[in-house]
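Structure first, then comments.
The values are calculated or read from the model by the stated rules, or taken from the named source; none is laboratory data. Everything numeric here is computed off the predicted structure, so don't read it as measured data. FYI the Cβ positions are ideal-geometry reconstructions off the backbone, even for glycines, and counts take in every protein chain you see. For the accessible areas, the whole protein counts, side chains as well, though only heavy atoms, and no ligand, DNA or RNA atoms are used. Shrake-Rupley method; radii C 1.70, N 1.55, O 1.52, S 1.80 Å.
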Amino acid sequence: MHNFLFGIYPYIALAVLILGSIARYERDPFTWKSSSSQLLRRKQLMIGSILFHLGVLVIFVGHLFGLLIPHQIYEAFGIHAEAKQLLAATAGGIAGVLAIIGGIMLAHRRLNDPRVRATSSFWDTAILLILLAQLALGLISVPYSIVTAEHGEVLLFMAWAQGIFTFQSDAATHLAHVPLIYKLHIVLGLTIFVLFPFTRLVHIVSGIAAPFRYLFVRTGYQLVRSRRSQPLPSRTGAVTASRKVVAPKPAPDATARPAE
């Protein structure tokens, strides 16, 4: 089971993430968005959204560069494994607290306000709760990271992640003896990758790609298509009291002969 979760499941999750996102964009691009409810309880939405997105962005960038950049590069700058693990735990802990506070505010708004709840789909609420669970697991792992910093466990996670991306068959062995809290955090993170194409999370890609598409791909004006199944009723011939349509008099024909 361990080899499946940490040696095979990562490839399944990444394949679903990439292929599912492409398929959704090709099949139904108009759902490639995050539905807005900002007119309802706007203040709580703005505060919660800023805290949540700021914290998640810091965590995402930290995980991306922290796991995939070879440790030799950190060593070249004098950052050893213990210092790197302490830095990751401290910065990740602060960002995690901000994100979970913002996430709780967003969840409270979505679950408590009847109007917001009525405009939310099942997956709008479910994916937010799953992200909160992932943030909670990450925060629980922070004390373990600080206490075990001298052992340099961060090197094991780096070796695993880089082994997955370089298709090493023994990548799962690096996580064989790490604490359970880390394993739960990784498995839930991979599950979020699987759910990514089927939820509102796809708008993350839009946010990253939109500037490049606007600058380099856009060929003209934005096209706006209506969802109406029937055209609007014709207004031809309508005359209002304030604006009367007067037909212009025909110009006299200079070549016409006078009547005899």
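Could we say that Leu155 is more than 20 Å from Leu87 (Cβ to Cβ), open to solvent by 40 Å² or more (accessible area, probe 1.4 Å) and not aromatic (Phe, Trp, Tyr) here?
no
Are there any pairs with C-beta distances below 8 angstrom linking a residue in segment 141-154 that is within 20 Å of Leu184 (Cβ to Cβ) to a residue that is not in a helix (DSSP H, G or I) and not β-branched (Val, Ile, Thr), with the two at least 6 apart or on different chains, and if so which?
Short answer, once both residue conditions are applied: Ser141/Pro179; Tyr144/Pro179; Ser145/Glu153.
Taking into account only those residues within segment 9-19 that are surrounded by 12 or more Cβ atoms within 10 Å (Cβ to Cβ) and among the aliphatic types (A, V, I, L, M), which is nearest to the chain's Cα centre (by Cα)?
Applying the filter and picking the extreme gives Leu17.
Between Leu5, Leu111, which is in a helix (DSSP H, G or I) and at pLDDT below 90?
When all the criteria are applied, what remains is Leu111.
Sort out which residues of segment 158-187 are among the hydrophobic types (A, V, I, L, M, F, W, C), in a helix (DSSP H, G or I) and open to solvent by less than 40 Å² (accessible area, probe 1.4 Å), and write them in order of number.
Selection gives Met158, Ala159, Trp160, Ala161, Ile164, Ala171, Ala172, Leu175, Ile181, Ile186, Val187.
What pairs can you find where one residue is in segment 97-114 and on the phi < 0 side of the Ramachandran plot and open to solvent by less than 60 Å² (accessible area, probe 1.4 Å), the other is small (Gly, Ala, Ser) and not in a helix (DSSP H, G or I), and their Cβ atoms are less than 6 Å apart, with a gap of 6+ or different chains?
Cβ pairs passing all conditions: Arg110/Ser120.
Here is a check on your reading of the model: is Leu137 closer than 16 Å to Ala81 by Cα, of a type in the set (A, V, I, L, M) and touching a His at 6+ places or on another chain (Cβ under 8 Å)?
In short, no.
I need the full set of residues from segment 139-152 which are under 20 Å from Tyr74 (Cβ atoms), buried (at least 19 other Cβ atoms within 10 Å of the Cβ) and of a type in the set (Ser, Thr, Tyr), in order please.
Ser145
Of all residues in segment 192-210, how many are open to solvent by 40 Å² or more (accessible area, probe 1.4 Å), farther than 20 Å from Phe52 by Cα and in contact (Cβ under 8 Å) with a residue 40 or more places away in the chain?
Of the residues in that region, 1 qualify.
In segment 115-128, what residues are part of a helix (DSSP H, G or I) and either open to solvent by less than 80 Å² (accessible area, probe 1.4 Å) or under 30 Å from Glu82 (Cβ atoms) (or both)?
Val116, Asp124, Thr125, Ala126, Ile127, Leu128
Return yes or no: is Leu128 farther than 20 Å from Ala161 by Cα, touching a Lys or Arg at 6+ places or on another chain (Cβ under 8 Å) and modelled with pLDDT of 90 or more?
yes
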